[in-house]
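J.: The structure is given below, and queries will be raised subsequently.
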Amino acid sequence: MAALAKKLPGGRLYGNGRGFVPNIRQSLYSEIIVTLVGEPQAAVSKDQDELPVAIGLPRTWDEIAPGHLVIAQEALDYGWWEAVVIGRDGDMFTLRFRDYPKLPKFVRHRNAIALISPPAE
């Protein structure tokens with residue numbers, strides 16, 4: 001990895017806080033990715049996990065399980081979006097956005113997700 005790092009072109013940082021990042025050749029970039037991953041196929045293959053069908057709305061935090069539909073915070077600037085729970089480990093949830101299934105799955109703490117109010121019966 002150190003040998004590959006030496007092949008990277010140097011950038012510049014200016015006194016006013018701005019910087020310059022040069023372009024990297026595609027072949028060098030691909031070589032770095034393959035080295036980081038260890039397996040060439042894993043570097044180029046996409047996540048094969050299918051988005052599960054949402055099985056319902058949990059009524060409590062303890063009820064949240066894979067397949068439940070919740071609202072997840074993408075970022076402070078982008079707001080909250082519907083997400084399907086893929087997995088749970090204590091207060092950490094693995095999620096995938098419902099309306100954007102090609103985006104990679106992500107992990108959020110329970111403080112960064114919200115329950116959807118079930119319809120009145």
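J.: For the stretch 79-103, enumerate the residues that are of a type outside the set (Gly, Ala, Ser) and surrounded by fewer than 10 Cβ atoms within 10 Å (Cβ to Cβ).
T.: Those that are of a type outside the set (Gly, Ala, Ser) and surrounded by fewer than 10 Cβ atoms within 10 Å (Cβ to Cβ): ASP89, ASP99, LYS102.
J.: Moving to a separate point now. Any residue at all in the stretch 104-120 that's closer than 30 Å to GLN26 by Cα, within 18 Å of the chain's Cα centre (by Cα) and modelled with pLDDT under 85?
T.: No - not one qualifying residue is present in the stretch 104-120.
J.: Scan the stretch 59-78 residue by residue and report those that are open to solvent by less than 30 Å² (accessible area, probe 1.4 Å) and farther than 17 Å from HIS109 by Cβ.
T.: Passing the criteria: GLY67, LEU69.
J.: Turning to a different aspect of this structure: How about the stretch 11-55: which of its residues are β-branched (Val, Ile, Thr), at pLDDT below 85 and surrounded by 10 or more Cβ atoms within 10 Å (Cβ to Cβ)?
T.: Within the stretch 11-55, ILE32, ILE33, VAL34, THR35, VAL37, VAL44, ILE55 meet the criteria.
J.: LEU103 passes all but one of (1) in a loop (DSSP other than H, G, I, E, B); (2) of a type outside the set (Asp, Glu); (3) touching a helix residue (DSSP H, G or I) at 6+ places or on another chain (Cβ under 9 Å); which number fails?
T.: For LEU103, the exception is condition (3).
The values are calculated or read from the model by the stated rules, or taken from the named source; none is laboratory data. Note that the structure is predicted; figures quoted are calculated from it, not measured. When we count neighbours, we look across all protein chains shown, and the Cβ atoms used for this are built from the backbone with ideal geometry, even at glycine. Note: areas computed on protein heavy atoms with side chains; ligands, DNA, RNA excluded. Shrake-Rupley method; radii C 1.70, N 1.55, O 1.52, S 1.80 Å.
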